[in-house]
Amino acid sequence: MKNIVVLVSGGGTNLQALIDAQESGMITGGKITCVISSKPGVYALERAKNHGIKSRVIARKEYGDVISYSEAILDALKEEKADLVVYAGFMTILDELVVRAYPNRMMNVHPALIPSFCGKGYYGLRVHEEALKKGVKLTGATVHFVTEVCDGGPIILQKAVEIQDDDTPEILQKRVMEQAEWKILPQAVSLFCNDRLEVRNDRVYIKK
Ligand code: GAR
């Protein structure tokens with residue numbers, strides 16, 4: 001059984017999707033053992049509590065710089081004996097010292113089809129605002145391994161979502177979550193926990 005540690009910063013609907021998938025038996029081979037939040041008081045912490053999952057707050061604002069914050073996160077991940085680290089709406093960029101300690105063992109869900117609308121500054125609602133501004137007809141979500149390049153790691157799963165003429169960023173965000181993020185994140189986690197993800201030359205292959 002792999003220990004899954006989920007990093008959050010906000011509402012935690014992706015965390016909820018993981019919890020629901022775990023409780024319905026969709027995630028096999030792993031268990032969410034800890035939720036770590038970069039902010040106190042966020043609803044994601046409530047979700048963990050409601051399901052009897054341990055949580056910790058490592059508040060970004062209590063650390064002066066990215067390095068000392070990253071070291072604190074790394075210490076916590078080691079203490080929790082994390083096998084897989086999932087960024088589920090985790091809005092803090094960590095130093096590469098964390099990524100280097102967990103190569104191909106950290107994954108992130110991003111609310112667009114990478115390499116569109118991704119990289120530094122593209123997070124949350126902002127991603128959907130930019131997609132609407134550009135007028136793309138398709139967007140979606142991507143789950144990828146985390147590397148030192150922001151949103152640049154090997155892609156595990158993607159799912160496309162159609163844009164409607166009357167979409168607002170909020171409406172689009174909700175549709176992308178419902179139709180894509182909440183589906184592909186638990187799938188990717190389960191594939192990882194069953195040792196079905198193989199990374200070769202920066203590409204992810206799903207083993208049968
Ligand atoms: C999600 O849409 C997630 O993909 C996005 O923030 C939202 C968090 O919602 N993440 C990023 O933009 C990371 N670049 P949640 O807290 O309800 O899961």
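The values are calculated or read from the model by the stated rules, or taken from the named source; none is laboratory data. Note that the structure is predicted; figures quoted are calculated from it, not measured. Glycine gets a Cβ as well: all are built from the backbone with ideal geometry, and neighbour counts include every protein chain shown.
Residue under question is THR139, and the condition is that it be among the hydroxyl-bearing types (Ser, Thr, Tyr) and either under 18 Å from the mean Cα position of the chain (by Cα) or crowded, with 21+ Cβ neighbours inside 10 Å (or both); does it hold?
Answer is yes for this residue.
Checking GLU130 against (1) crowded, with 16+ Cβ neighbours inside 10 Å; (2) touching a strand residue (DSSP E or B) at 6+ places or on another chain (Cβ under 9 Å), which single condition isn't satisfied?
(2)
For region 182-191, state whether one or more residues are crowded, with 17+ Cβ neighbours inside 10 Å and away from the ligand (no atom under 16 Å from the Cβ).
yes
Out of all the residues in region 106-118, is one or more within 11 Å of the ligand (Cβ to nearest atom) and more than 15 Å from the chain's Cα centre (by Cα)?
Within region 106-118 (the criterion being within 11 Å of the ligand (Cβ to nearest atom) and more than 15 Å from the chain's Cα centre (by Cα)), the answer is yes, since at least one residue qualifies.
Among the residues of region 1-48, which ones are of a type outside the set (A, V, I, L, M), under 21 Å from GLU79 (Cβ atoms) and in contact (Cβ under 8 Å) with a residue 40 or more places away in the chain? Step through it out loud before you land on a result.
Here is the first cut: in region 1-48, the residues of a type outside the set (A, V, I, L, M) are 2-3, 9-14, 16, 20, 22-25, 28-31, 33-34, 37-41, 43, 46-47.
Keeping just the survivors that are under 21 Å from GLU79 (Cβ atoms) gives 2-3, 9, 30-31, 33-34, 37-40.
Those that are of a type outside the set (A, V, I, L, M), under 21 Å from GLU79 (Cβ atoms) and in contact (Cβ under 8 Å) with a residue 40 or more places away in the chain: LYS2, ASN3, SER9, GLY30, THR33, CYS34, SER38.
Which residues, taken from region 155-181, are among the acidic types (Asp, Glu) and crowded, with 16+ Cβ neighbours inside 10 Å?
ASP167, GLU181, listed by residue number.
In region 118-158, what residues are assigned to a strand (DSSP E or B) and over 14 Å from LEU172 (Cα atoms)?
Scanning region 118-158 gives THR142, VAL143, HIS144, PHE145, ILE155, ILE156, LEU157, GLN158.
Which of (1) assigned to a helix (DSSP H, G or I); (2) within 15 Å of the ligand (Cβ to nearest atom) is the odd one out, the single condition LEU7 does not satisfy?
Among (1) assigned to a helix (DSSP H, G or I); (2) within 15 Å of the ligand (Cβ to nearest atom), the lone unmet condition for LEU7 is (1).
Suppose we filter region 119-146 for residues that are among the basic types (Lys, Arg) and either under 20 Å from TYR205 (Cβ atoms) or away from the ligand (no atom under 16 Å from the Cβ) (or both); how many remain?
Of the residues in that region, 3 qualify.
Among the strands (runs of 3 or more DSSP E) confined wholly to region 28-97, which include 1 or more residues that are within 16 Å of the ligand (Cβ to nearest atom), loosely packed, with under 15 Cβ neighbours inside 10 Å and at pLDDT below 95?
Output list is empty.
Can you say whether VAL86 is touching a Lys or Arg at 6+ places or on another chain (Cβ under 8 Å) and under 23 Å from TYR123 (Cα atoms), as far as the supplied structure shows? Break it down stepwise before answering.
Numbers: touching a Lys or Arg at 6+ places or on another chain (Cβ under 8 Å): no; under 23 Å from TYR123 (Cα atoms): yes.
The answer is no for VAL86.
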